[in-house]
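Please treat every number below as a calculation from the coordinates, not as lab data. Because the structure is a prediction, the values reported are computed rather than measured. Cβ coordinates were reconstructed from backbone atoms using ideal geometry, including for glycine residues, and neighbour counts include every protein chain displayed.
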Ligand SMILES: Cc1ncc(COP(=O)(O)O)c(C=O)c1O
């Protein structure tokens, strides 16, 4: 077997040239505390026992790996959907939120803050805090509060305080800025649960490890179904990149498995209204790590656009920046309209309404031809209930 190359960062949190921890001095003690302790805590028997128990009995894992017969016939290949949409709270985000709330408790923190775009990470964090008895504050862009209203209601019902981010494009990156500001002001009492594989080291690795349960399950489920652990392809959508990191994790160093990521092209790459970071970005530092960032020549972040709140982000996690640069994974840009078409198609032919974010991953079938015998696993990262208004406006 080849050496581990892509799965985890080095000690300083670098995946190749990407990663690290670029944080203000006042945050350093917090980040350092996490760096020193995260691996010991999450690998401990006690943590794993509690985490695995909650994933099974509270979240409902293992999620099914469903052979999508109708979709497979349509695209003349063998398509399996990893049903993260069937998790409690409706997306993969709960895997990370539960793990990080458990970690925060072990670190003696009493207060949790989070940012959210689509609201799924906010709902997941509010849920984990309700279950495990911690105060929860969620920052969310004003634009996202309007377009993901059902999730805002859910967070409130779960006892969380939702604070609007009113700067910039009033979307995900602005919510991250507000959350980081809060963390600086409340560094000793508070744990910041970042919702994707972004942020300063150790967050990208921490979140990838907590989400890696997705590819861990795909392996034994495929073995059960087709007699081999490895598919030919794994496809996932990428905002910051956590569902993709979870779905790729145990395959990243297995060369025969090809990895495909779908980014939000918005109105199109040339339109000035896009969030396709690998196509439009350059090397830069955003939210505490060195990665690929959509920015002007002077290093000002360019406002992103995507119809899907969860992909509306001008950066990408360092894990993905490395896979992209090393050509280990192939990245596609999917427009708003293409994603809508794919969401409608899956709803009609499989009876599954996917999240708008997830629909970007499904659009890859319209861009790339697979062989008849290829086994293609798609991470169905979330369900579309939260996007119903948008779907009905466009149907
Ligand atoms: C259902 C769903 N899929 C994907 C994403 C994108 O996030 P990530 O790239 O971290 O998986 C989100 C973000 O909110 C989401 O809600």
Checklist entry - Of the beta bridges DSSP finds with both residues in the chain, what % are antiparallel, to the nearest 5? => result 30
Checklist entry - With a ≥ b ≥ c the root eigenvalues of the C-alpha gyration tensor of segment 254-322, is it rounded (a/c under 1.5), prolate (a/b larger than b/c) or oblate? => result oblate
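Arrange the following residues from fewest to most other Cβ atoms within 10 Å of their Cβ: 85, 182. Could the numbers behind the result be given before it?
Details: 85 22, 182 18.
So the ranking, lowest neighbour count to highest, is 182, 85.
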Checklist entry - Hey, fewest Cβ within 10 Å first, where do 28, 75 land in order? => result 28, 75
Item to check | Where labels lie 7 Å past Cα in the beta-carbon direction, separation of residue 271 and residue 25 in nm | outcome: 4.5
Checklist entry - Hey, quick one: spin label on residue 385, modelled 7 Å out along Cα-Cβ, who in segment 133-176 has an amide N within reach, i.e. under 11 Å? => result 150-151, 154
Item to check | Rel. contact order, % - alpha carbon contacts under 8 angstrom, at least six apart, segment 204-314 | outcome: 20
Checklist entry - Is the shape of segment 292-379 rounded, prolate or oblate, going by the alpha carbon gyration tensor and its root eigenvalues a ≥ b ≥ c, with a/c under 1.5 for rounded and a/b larger than b/c for prolate? => result oblate
Checklist entry - Rounded to the nearest whole Å³, what is the per residue volume of the convex hull around the Cα atoms of segment 1-145? => result 200
Next on the checklist: Looking at segment 241-395, I'd like the Rg to Rh ratio, where Rg is from alpha-carbon atoms and Rh is Kirkwood's inverse mean 1/r.
Outcome noted: 0.97
Checklist entry - Going by a ≥ b ≥ c, the root eigenvalues of the Cα gyration tensor, does segment 303-348 fall in the rounded group (a/c under 1.5), the prolate group (a/b larger than b/c) or the oblate group? => result oblate
Checklist outcome for this item: One finds the C-alpha centres of segment 203-242 and segment 71-91 to be spaced, in Å, by 13
Next on the checklist: What distance in nm separates the two pseudo spin-label positions at residue 33 and residue 373, each 7 Å out from Cα along the beta-carbon direction?
Outcome noted: 5.6
Checklist entry - What does the convex hull of the Cα atoms of the chain come to per residue, in Å³, rounded to a whole number? => result 127
Checklist entry - Taking neighbour Cβ counts within 10 Å as the exposure measure, how do 242, 72 sort from fewest upward? => result 72, 242
Next on the checklist: I want to check the label-to-label distance for residue 10 and residue 283. Put each point 7 Å from Cα in the C-beta direction and report it in nm to one decimal.
Outcome noted: 1.4
Checklist entry - Taking the Cα centre of each part, how many Å lie between segment 5-44 and segment 168-196? => result 17
Item to check | Whole-Å distance, taken between Cα centres, linking segment 296-349 and segment 257-283 | outcome: 5
Checklist outcome for this item: Residue separation between residue 181 and residue 232 times 0.36 nm, minus their alpha-carbon distance, gives in nm 14.1 nm
Checklist entry - Tell me, what is the FRET efficiency for residue 348 and residue 223 to the nearest 0.05, using R0 = 35 angstrom and their Cβ-Cβ distance as r? => result 0.65
